[in-house]
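Only one structure is covered here, and it is reproduced in the block below.
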Amino acid sequence: MWVRSTMVYRTSFLLTALGNFATTALDFVAILLMFSHVEALGGFGFAEVALLYGTSATAFGLAHLLLGGMDGLGARVRRGSLDAMLVRPVPLLAQVAADGFKLRRIGRLAQGLLVLGWSLAVLEAEWTPLKVLMVPVTVVSGAAIFGALLVAGGSFQFWAQDAAEVQNSFTYGGTTMLQYPPTVFARELVGGTVFVVPLAFVNWLPVLFVLGRDDPLGLPGWVDFLSPLVAVVCWVPAGLVWRAGLGSYRSTGS
């Protein structure tokens with residue numbers, strides 16, 4: 001329904017999608033400006049950083065396209081309009097995810113894919129079948145991890161009702177952080193993205209394998225292949241938090 005309503009005004013859709021594309025591209029412009037003054041960033045060349053950027057932006061773009069409706073859950077809880085969704089014969093999570101579906105978000109996804117494709121074309125790496133397979137697995141697993149964070153953050157709105165920025169710090173903030181090499185960050189921060197909030201599995205660890213680099217923490221090599229498993233594990237607490245938040249919902253009381 002939302003897609004059909006969007007396509008009624010095709011020119012408006014194209015302009016907003018292009019605007020979304022251009023706005024998100026500014027992050028990559030910042031990287032371009034950095035490399036106009038330096039040859040490497042944290043020991044990583046421009047093509048290598050572009051690969052990090054492309055995998056992070058594409059993974060988040062895919063997750064945000066499919067689950068971006070979670071951002072508005074807090075507003076529905078505050079207004080009590082979530083009640084109407086609860087009486088429909090459709091899973092609530094599916095309804096919230098599709099609520100106000102914004103097809104223009106495809107601009108962010110397209111921009112990430114463009115940078116990812118360019119980086120793969122110019123990257124000087126020793127490609128093997130396993131490394132080639134690792135690229136799409138990384139993107140899909142990263143999207144699943146970001147999706148779990150979106151659901152967990154949206155579920156927090158059942159209690160907080162107006163704390164979307166807490167969620168954004170892990171999603172929008174996380175994708176921005178992952179666009180840069182882990183070597184430019186403190187070791188403690190990198191450790192936190194592995195053992196606390198597993199953002200490192202979105203792209204840092206698998207991309208380090210593709211590039212043939214060791215991770216800053218000196219972890220065993222098999223850790224680089226755990227992204228799909230971590231994505232599945234992330235959805236377990238996200239699902240539990242969702243069920244707990246939904247069980248605590250008491251409407252507006254009016």
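The values are calculated or read from the model by the stated rules, or taken from the named source; none is laboratory data. In this text the structure is predicted, and so the values were computed from the model without any measurement. Note: ideal-geometry Cβ built from the backbone for every residue, glycine included; neighbour counts use all protein chains shown.
Summed over region 202-216, residues that are over 17 Å from I145 (Cβ atoms), free of Cβ contacts under 8 Å to residues at least 24 places away in the same chain and assigned to a helix (DSSP H, G or I) total 0. For region 217-254, a residue qualifies if it is at pLDDT 90 or above, surrounded by 12 or more Cβ atoms within 10 Å (Cβ to Cβ) and not in a helix (DSSP H, G or I), and the qualifying residues are L217, L219, L226.
Evaluated against (1) aromatic (F, W, Y); (2) closer than 24 Å to A75 by Cα; (3) at pLDDT below 95, F195 falls short on exactly one condition, (2). Only residues that are surrounded by fewer than 23 Cβ atoms within 10 Å (Cβ to Cβ) and touching a helix residue (DSSP H, G or I) at 6+ places or on another chain (Cβ under 6 Å) were counted in region 57-66, giving 1.
Taking the criterion of being within 28 Å of A25 (Cα to Cα) and not in a helix (DSSP H, G or I), the residues of region 118-129 that qualify are L123, E124, A125, W127.
Checking every residue in region 68-86 against the condition of being at positive phi, out of contact with any strand residue (DSSP E or B) (no Cβ under 9 Å at 6 or more places or on another chain) and exposed (fewer than 13 other Cβ atoms within 10 Å of the Cβ) gives zero matches. Restricting attention to region 155-164 and to residues that are aliphatic (A, V, I, L, M) and part of a helix (DSSP H, G or I), the residue that is surrounded by the most Cβ atoms within 10 Å (Cβ to Cβ) turns out to be A164. One residue alone among A186, A152, A163 is modelled with pLDDT under 90 and either more than 15 Å from T55 (Cα to Cα) or among the hydroxyl-bearing types (S, T, Y) (or both), and that residue is A163.
Every residue, every condition in (1) out of contact with any helix residue (DSSP H, G or I) (no Cβ under 6 Å at 6 or more places or on another chain); (2) within 29 Å of S155 (Cβ to Cβ); (3) of a type in the set (D, E, K, R), yes or no:
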{"residue": "T23", "(1), (2), (3)": "yes, yes, no"}
{"residue": "G42", "(1), (2), (3)": "no, no, no"}
{"residue": "L51", "(1), (2), (3)": "no, no, no"}
{"residue": "T55", "(1), (2), (3)": "no, yes, no"}
{"residue": "L73", "(1), (2), (3)": "no, yes, no"}
{"residue": "V87", "(1), (2), (3)": "yes, yes, no"}
{"residue": "G107", "(1), (2), (3)": "no, yes, no"}
{"residue": "G117", "(1), (2), (3)": "yes, no, no"}
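Taken together, the criteria place A110 among residues that are in a helix (DSSP H, G or I), among the small types (G, A, S) and out of contact with any His (no Cβ under 7 Å at 6 or more places or on another chain).
Set side by side, the residues L133, L120 differ, and just one is over 30 Å from S248 (Cβ atoms), out of contact with any Phe, Trp or Tyr (no Cβ under 8 Å at 6 or more places or on another chain) and buried (at least 16 other Cβ atoms within 10 Å of the Cβ), which is L120. Screening V132, V90, V115, V96 for residues that are within 29 Å of R243 (Cβ to Cβ) and either assigned to a helix (DSSP H, G or I) or in contact (Cβ under 8 Å) with a residue 24 or more places away in the chain (or both) leaves exactly one candidate, V96.
Rundown of residues vs (1) within 26 Å of L26 (Cβ to Cβ); (2) surrounded by fewer than 20 Cβ atoms within 10 Å (Cβ to Cβ); (3) β-branched (V, I, T); (4) in contact (Cβ under 8 Å) with a residue 60 or more places away in the chain, yes/no style:
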residue	(1), (2), (3), (4)
G153	yes, no, no, yes
V166	yes, yes, yes, no
G173	yes, yes, no, no
T183	yes, yes, yes, yes
E188	no, yes, no, no
F195	no, yes, no, no
A200	yes, no, no, no
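Residue count for region 186-196 satisfying the condition of being of a type in the set (A, V, I, L, M), more than 14 Å from S227 (Cβ to Cβ) and either within 16 Å of the chain's Cα centre (by Cα) or assigned to a helix (DSSP H, G or I) (or both): 2.
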